[in-house]
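No value in this document is a laboratory result; all are computed from the given coordinates. Since we're looking at a predicted model, the values are computed, not measured. Ideal geometry is used to build each Cβ from the backbone, glycine not excepted, and the neighbour counts take in all protein chains shown.
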Amino acid sequence: MGSDAVTTATPLLDGVVVQQQIPVGGFTNASLNGNMVIYVTGRSVCGGGTGSVPKAGAGLLTADGNGAFSLTYDENYCRAPNSFTNAPGTYSVASNGRATITVGGFSLVAYLLNLNQIFLFVSDSNVLFGFGEPQAAGSFTNSALKGKYAGFATYPAAFGVVVFSGEFSADGATPTGNATGAEDIGVSSGPVSGAAFKATYSVASSPTNGRGTMTVTSGRVGNAVIYMISASKFVAVALNDPNPAVLIFELSSTPPALSLSSLTLSPTTAIGAQSFTGTVTFSGPAPAGGAQVALSSSDTGAATVPSQAARLDR
């Protein structure tokens with residue numbers, strides 16, 4: 001995060017640093033090969049004016065490993081939906097991972113973090129930055145978008161962008177899925193906690209694998225396009241929000257249930273009345289705060305146990 005006083009010369013600045021996973025011999029054009037979901041946010045100058053408005057977009061880039069690709073892309077551009085399908089483009093990857101990309105008359109710069117994983121940057125009248133992630137193998141339909149997801153809005157490009165974090169459950173129904181939940185929202189008029197979230201969605205594997213639509217009937221998002229990165233992660237862009245952002249959703253993980261691995265006693269044998277120390281081992285670590293272990297004896301005439309449950313610590 002930049003710590004200088006904010007001026008036109010030193011604007012607000014923050015970001016992330018990720019260690020490159022450089023292949024043996026360095027990166028090449030073959031380092032981009034297959035499907036990659038890209039998502040960007042920034043600002044655009046509209047209608048030849050001097051001012052700019054927030055912009056957000058997402059798409060599926062399919063590279064051939066030899067310097068050519070096709071891109072299906074949806075964006076909220078100048079506060080209106082815009083999209084194109086299978087646009088051809090070219091790319092060139094240097095051994096250090098810096099890549100130049102050309103599509104539709106636009107020039108982009110990317111830095112590879114790993115195979116099919118990039119930071120993406122555009123610097124012209126449309127200032128954009130974002131990420132690209134490899135799309136998991138397989139065909140994505142409504143059944144892939146199922147479970148409890150947590151989501152948030154990334155990098156607001158203007159004060160009017162509504163930021164949120166929340167969670168919802170998706171039922172994976174076909175042909176139309178349903179999602180319900182709650183979100184916490186930050187707006188200029190003040191925070192809103194626990195606002196209802198309700199939406200319907202549809203995801204298809206063809207003609208663009210994992211591309212779908214979502215209609216949010218609560219709040220201000222309205223119609224959105226979604227791209228599945230995997231069954232556990234997808235991104236969305238609101239097409240009719242005047243101040244859009246990329247929305248990222250990830251499947252909430254549930255810790256695996258613990259099972260008993262072993263029970264040992266010390267000492268192992270006894271004559272007459274004697275106390276024992278028992279050690280219980282489980283299949284994994286206890287959750288934060290520990291866990292309660294219920295104790296019982298199958299023959300209280302031979303042995304008794306404490307009436308309270310024992311505590312299993314991490």
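Here the Karplus relation 6.51 cos²θ - 1.76 cosθ + 1.60, evaluated at θ = phi - 60°, turns the backbone of segment 195-212 into coupling constants of 5, 5, 10, 8, 7, 10, 8, 8, 10, 10, 8, 8, x, 10, 4, x, 7, x Hz, with x for every Gly and Pro.
With +1 on the Cβ of every Lys and Arg and -1 on the Cβ of every Asp and Glu, and nothing else charged, how large is the dipole of the chain about its Cα centre, in debye rounded to the nearest 20?
On the way: 12 positive and 15 negative charges, 33 e Å.
In total the dipole reaches around 160 debye.
Between Thr217, Thr154, Thr300, where does the largest GNM mean-square fluctuation fall for the chain, given springs only between Cα atoms within less than 10 Å? Result: Thr300 has the largest fluctuation of those listed.
Using C-alpha pairs under 8 Å with a sequence gap of at least 6, the mean separation divided by the residue count of the chain gives a relative contact order of 13 percent.
Going by average Cβ neighbours within 10 Å, how do the peptides 56-62, 3-9, 31-37, 180-186 rank, with the highest at the top? Write out the running numbers ahead of the final one.
Values: 56-62: 25.3, 3-9: 7.4, 31-37: 21.1, 180-186: 16.6.
Sorting 56-62, 3-9, 31-37, 180-186 by mean packing, highest first, produces 56-62, 31-37, 180-186, 3-9.
Among rounded, prolate and oblate, which fits segment 3-50 when a ≥ b ≥ c are the square roots of the eigenvalues of its C-alpha gyration tensor, a/c under 1.5 means rounded, and a/b larger than b/c means prolate? Here segment 3-50 falls in the oblate category.
For Phe197, the residues whose amide H sits under 5 Å from its own are Gly181, Ala182, Glu183, ignoring neighbours fewer than 5 places away on the same chain, with H placed 1.01 Å from N. Using just the C-alpha positions of the chain as equal point scatterers, what log10 of I(q)/I(0) does the Debye formula give at each q in 0.10, 0.14, 0.16 1/Å? Scattering profile of the chain, log10 relative to I(0): -0.69, -1.10, -1.34. Its convex hull of Cα atoms gives segment 144-251 a direction-averaged projected area, equal to a quarter of the hull surface, of 6.2 nm². Of the peptides 112-122, 226-236, the ranking by mean beta-carbon count within 10 Å, highest at the top, reads 226-236, 112-122. Under 1.5 on a/c is rounded, so check that first for segment 16-170, then, if it is not, pick prolate when a/b is larger than b/c and oblate when it is not; a ≥ b ≥ c are the square roots of the alpha carbon gyration tensor eigenvalues. Oblate is the answer for segment 16-170, as a/c is 1.5 or above yet b/c matches or exceeds a/b. Listed peptides 18-25, 264-271, 162-169 appear in the order 162-169, 18-25, 264-271 once ranked by packing, highest mean of other Cβ atoms within 10 Å at the front. Taking a ≥ b ≥ c as the square roots of the eigenvalues of the alpha-carbon gyration tensor, segment 123-191 is classed oblate because a/c is 1.5 or more while a/b is no larger than b/c. Shown in residue order for segment 163-175 are the 3J(HN,Hα) couplings computed by the Karplus curve 6.51 cos²θ - 1.76 cosθ + 1.60 at θ = phi - 60°: 9, 8, 9, x, 8, 8, 10, 10, 8, x, 5, 10, x Hz (x for Gly and Pro). Within a straight-line Cα-Cα reach of under 19 Å, Lys233 can be paired with the following lysines, leaving aside sequence neighbours fewer than 8 residues apart in one chain: Lys146, Lys148, Lys198.
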